[in-house]
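J.: Can you keep this structure in mind? I'll have questions shortly.
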Amino acid sequence: MWWRVLSLLSWFHLQDAFLTNHTETIALEEGQTLTLKCVSSLGKNASLQWLAPSGFTIFLNEHPALKNSKYQLLHHSATQLSISVPNITLQDEGTYKCLRYSDSVSTKEVKVVVLATPVKPTLEASVIRRLNREDHVILKCSTVRSKPPPQITWLMGNSMEIHGRTHHEFETDGKKCNTTSLLVVHTYGKNSTVGCVIRHEGLQGRKLVASFWFENLVTDQETASDAPEKSSLSSQDPQQPTSTVSIMENSSISEIDMEEKEQTTQYLDVTTEANPQYMGLTRKKSGILLLTLVSFLIFILFIIVQLFIMKLRKAHVIWKKEKEISEHTIESYRSRSNNEETSSQEKNGQTSHSKRCMNYITRLYSEAKTKRKENAEHSKLEGKHTHIPESIV
């Protein structure tokens, strides 16, 4: 008995230790938060690791490996590692892997599918008028930016639901698509209605409906006769109408398209209720574009200011150098002028001293000459008395 219990417990332990890939799928709408939880019972020494669809490590235990702040750690313990990805987009779609390391390695894979919910459809009607034949009305229902492609059907009155000719056109990224459906109405009554019904996984059982009432079309035909005219048809809720609509087969739509090129066509725009979600998306795109443009202009202005500051600094350095050179030149000129003035003063002083010396010598020489004459005259006077020859004198 105990041996069987121990064998059973050991079998469960080995089965968990050698666990191969375990895969699950999660579908989310754009903008929702993705929560990834990895649980292990391999023991306290086990390590847990989450990998992004690109193969890079998001978290190894509680340590983040990517600098991307969109991945957030919710909980970490020896047996659990939970992370979240808020505001998920189509770029976050893919397979996330959790690796559990212990004596062996086990893997858990989570395939994440991101759904893009379609916006409320727009409905257009074109009236084909052909000579000597009955008129036809072509209804066109359109919705944009959905993933995966939606299903479009046509509700006749309040009972019969049929399919039209549906066309899907994918965007450049190959993920979101724009879908249109065409329906040709052969005959209709004044109180007839047709509704365009959109179904999609992201709507979670809900439906998007755009309705068209033929009452306004009949009124326009009665008042305008066969003259081409563009008008807007209101989508007010009428009372329970009785539908008398005859639908042409889808195979006849191509024939109507060929005849449309050869005949006179009148187009009528059917006014459906303004789609707040689509308008909000358009405003968001416009806001992002405006923000990008403003950021670019600010960046260009910043570059211009930086270039102006660099040019101003360069001009300031040149001005400073020129100022230093001019000051040095002025100082050298002043020094030279002072030296020249000093030398000229010294020269002037020497000249005046020489003049004074010459004057002094001249005066001495004059005095000596005068004295000599006086002595000579005195000697002559004495010679008369002593009879001393002049030669001796």
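J.: Taking a cut-off of 21 Å between Cα atoms, list the lysines near residue 355, but don't count ones fewer than 8 places away on the same chain.
T.: 347, 369
J.: Quick one: if the Förster radius is 22 Å, what FRET efficiency do residue 22 and residue 66 give, using the C-beta to C-beta distance and rounding to 0.05?
T.: Rounded to the nearest 0.05, the efficiency is 0.40.
J.: Can you figure out the FRET efficiency of residue 341 with residue 367, using R₀ = 51 Å and their beta-carbon distance, to the nearest 0.05?
T.: 0.85
J.: Report the per residue volume, in Å³, of the convex hull enclosing the C-alpha atoms of the range 62-126.
T.: 129
J.: Under a cut-off of 24 Å between alpha-carbon atoms, report the lysines in cross-link reach of residue 314, not counting same-chain residues fewer than 8 places apart.
T.: Reachable lysines: 323.
J.: Next up: Keeping all protein chains in the complex and leaving out DNA, RNA and ligands, what accessible area do you get for residue 138 with a 1.4 Å probe, in Å² to the nearest 10?
T.: Residue 138 has an accessible surface of roughly 10 Å² with all protein chains in place.
J.: Could you tell me which of the pairs 67/111; 97/175; 97/284; 97/176; 67/285 are separated by over 29 angstrom between their Cα atoms in the structure shown?
T.: Checking Cα-Cα distances, 97/284 exceed 29 Å.
J.: Label-point separation (nm) for residue 165 and residue 326, each offset 7 Å from Cα along Cα-to-Cβ?
T.: Label at residue 165, label at residue 326, 8.6 nm between them.
J.: In Å², and per residue, what accessible area does the range 77-146 have when probed at 1.4 Å with the other protein chains present?
T.: Per-residue value: 37 Å².
J.: Using the per-residue mean of other Cβ atoms lying within 10 Å as a proxy for protection, in what order, highest first, do the peptides 204-212, 177-185 fall?
T.: By packing density, highest mean first, the sequence is 177-185, 204-212.
J.: Probe radius 1.4 Å, ligands and nucleic acids ignored: give me the carbon and sulfur share of the accessible area of the range 31-130 as a rounded percent.
T.: After summing per-atom areas, the C and S share lands at 49 percent.
J.: Using the Kirkwood radius over Cα pairs, work out the Stokes-Einstein diffusion coefficient for the range 94-195 at 37 °C and 0.692 mPa s, in µm²/s as a whole number.
T.: 191
J.: What FRET efficiency comes out for residue 111 versus residue 288 if R0 is 22 angstrom and r is the Cβ-Cβ distance? Round to the nearest 0.05.
T.: Approximately 0.15, to the nearest 0.05.
The values are calculated or read from the model by the stated rules, or taken from the named source; none is laboratory data. Only a predicted model underlies this, so the values are computations on that prediction, with no experimental measurement involved. Positions of Cβ are backbone-derived with ideal geometry, glycine not excepted, and every protein chain shown enters the neighbour counts. Keep in mind that these areas ignore ligands, DNA and RNA; they rest on the heavy atoms of the full protein, side chains included. Shrake-Rupley method; radii C 1.70, N 1.55, O 1.52, S 1.80 Å.
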